[in-house]
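Structure incoming, see below.
No value in this document is a laboratory result; all are computed from the given coordinates. Source: prediction; values computed, not measured. Backbone-built Cβ (ideal geometry, glycine too); neighbour counts: all protein chains shown.
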Amino acid sequence: VSHDLKTPITTISGFADGILDGTIPPEKEREYLTTISSEAKRMNRMVQNMLALSRMEAVDPAEILRGSFDICEVMRLCLIGLEHRIDEKKLDVDLKLPEEEMIVRGDADAITRVVTNLLDNAVKFAEVGSALGLEIWKQGGKAYISIQDRGEPIPAQELPRIFERFHKGDSSRNLDKSGSGLGLFIVKSILDSHREDIYVSSEEGVTRFVFTLSLR
């Protein structure tokens, strides 16, 4: 993370100095300010990921499981939060939720982070004009939450490692360098703290993440 932070810091400092000393002409200032804003937001995401990781490592799992919430409502809110990006990529959303509430055990904020992270990745890597598949169902005392996209697959050799801390694959699906390699590690850490599982498959252009939560 320290290494990854050096790049945006250098970019922000260099472009800001260029604007202040006149090296960057006035007609180019907006272009470079846009880059500065983007890099600052990237730094913020990395810092927030590190803070989230520190918080999760300090939480007592027994305390986490005392909470409860409606996982269907969490999915709806996360979907609304990404509506603009979904529209930008002209994605169809195939949403399959039960009509009634599905109350599960856990920390609502932490699981919201899990859903947001997985959904954000699905939108990011989905082909323009394709469909996102979002589904929640119950089975054997568990809620199953599935998030699926159609786009560049994850190579089979990368699948066993994608939840590792700081892991970034070399495939074209993983050429996005805006993160710190912590997103899926944080997802796995949150679910581990809830004593739950997550599964991933990626074949024939379809990537699917499914995780579990215990029903209340």
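What are the residues whose amide H is under 5 Å from the amide H of residue 142, where those residues sit 5 or more places off or on another chain and H is modelled from the backbone?
For residue 142, the qualifying residues are 215.
Evaluate Rg over Rh across segment 65-110, taking Cα atoms for both radii and Kirkwood's formula for Rh. Please list the in-between numbers first.
Working: Rg = 12.8 Å, Rh = 12.0 Å.
My calculation of the ratio gives 1.07.
Given the pairs 89/138; 96/124; 6/41; 96/142; 89/188; 89/142, which span a C-alpha to C-alpha distance of over 24 angstrom in this model?
Details: 89/138 31 Å; 96/124 21 Å; 6/41 14 Å; 96/142 17 Å; 89/188 27 Å; 89/142 33 Å.
In this structure, 89/138; 89/188; 89/142 lie more than 24 Å apart at Cα.
Can you tell me the FRET efficiency between residue 99 and residue 156 if r is taken as the Cβ-Cβ distance and R0 is 35 Å, rounded to the nearest 0.05? Kindly include the intermediate steps, with their values, before the conclusion.
Details: r = 38 Å, r/R0 = 1.07.
With a Förster radius of 35 Å, E is 0.40.
Right, something else. When the chain is modelled as a GNM with alpha-carbon springs shorter than 10 Å, which of 151, 140, 81 fluctuates the most?
Comparing 151, 140, 81 in a Gaussian network model of the chain, the most mobile one is 140.
Taking amide hydrogens as modeled 1.01 Å from N in the peptide plane, which residues meet the under 5 Å criterion relative to residue 93, leaving out close sequence neighbours?
132
Please check: in the Gaussian network model of the chain (C-alpha springs, under 10 Å), which one of 152, 204, 164 has the largest mean-square fluctuation.
Top of the fluctuation ranking is 204.
Taking θ = phi - 60°, what integer Hz values does the Karplus form 6.51 cos²θ - 1.76 cosθ + 1.60 yield along segment 62-74, in sequence order, with x for Gly and Pro?
4, 5, 4, 6, 7, x, 8, 6, 8, 5, 5, 5, 4
Using 7 Å Cα-to-Cβ label points, what is the residue 21/residue 45 separation (nm, one decimal)?
Placing both labels 7 Å beyond Cα along the Cβ direction yields 3.1 nm.
Select from 159, 136, 115 the residue farthest towards the positive end of the dipole of the chain; place +1 on Cβ of Lys and Arg, -1 on Cβ of Asp and Glu, and compute about the Cα centre.
So the residue we want is 159.
I'd like to know how the chain sits against the 2.2 N^0.38 Å rule of thumb: what's its Cα Rg over that expected value?
Numbers: Rg = 19.2 Å, N = 216, 2.2 N^0.38 = 17.0 Å.
Ratio of Rg to 2.2 N^0.38 Å for the chain: 1.13.
Tell me which trypsin sites (Lys or Arg not before Pro) from segment 49-125 have a DSSP coil assignment and no more than 16 other beta carbons within 10 Å of their own. Show your work: numbers first, answer last.
On the way: sites: 55, 66, 76, 85, 89, 90, 96, 105, 113, 124; in loops: 66, 89, 90.
Within segment 49-125, the qualifying trypsin sites (Lys or Arg not before Pro) (loop, at most 16 other Cβ atoms within 10 Å) are 66, 89, 90.
Which GluC sites (Glu not before Pro) in segment 86-143 sit in a loop by DSSP (not H, G, I, E or B) and have at most 16 other Cβ atoms within 10 Å of their own Cβ? Don't jump to the answer; show the numbers that get you there.
Working: sites: 88, 99, 100, 101, 127, 135; in loops: 99, 100, 101, 127.
Of the GluC sites (Glu not before Pro), the ones in loops of segment 86-143 whose Cβ has at most 16 other Cβ atoms within 10 Å are 99, 100, 101, 127.
Using 1/(1 + (r/R0)^6) with R0 = 22 angstrom and r between the beta carbons of residue 90 and residue 204, what's the FRET efficiency to the nearest 0.05? Mind dumping the intermediate values first?
Numbers: r = 22 Å, r/R0 = 0.99.
In this case the efficiency is close to 0.50.
Follow-up question, since we're still on this one. Compute the whole-percent fraction of alpha carbon pairs in segment 1-105 spaced more than 16 Å apart. Walk me through the numbers on the way to the answer.
Numbers: 4088 of 5460 pairs.
So the portion of pairs separated by more than 16 Å is 75 percent.
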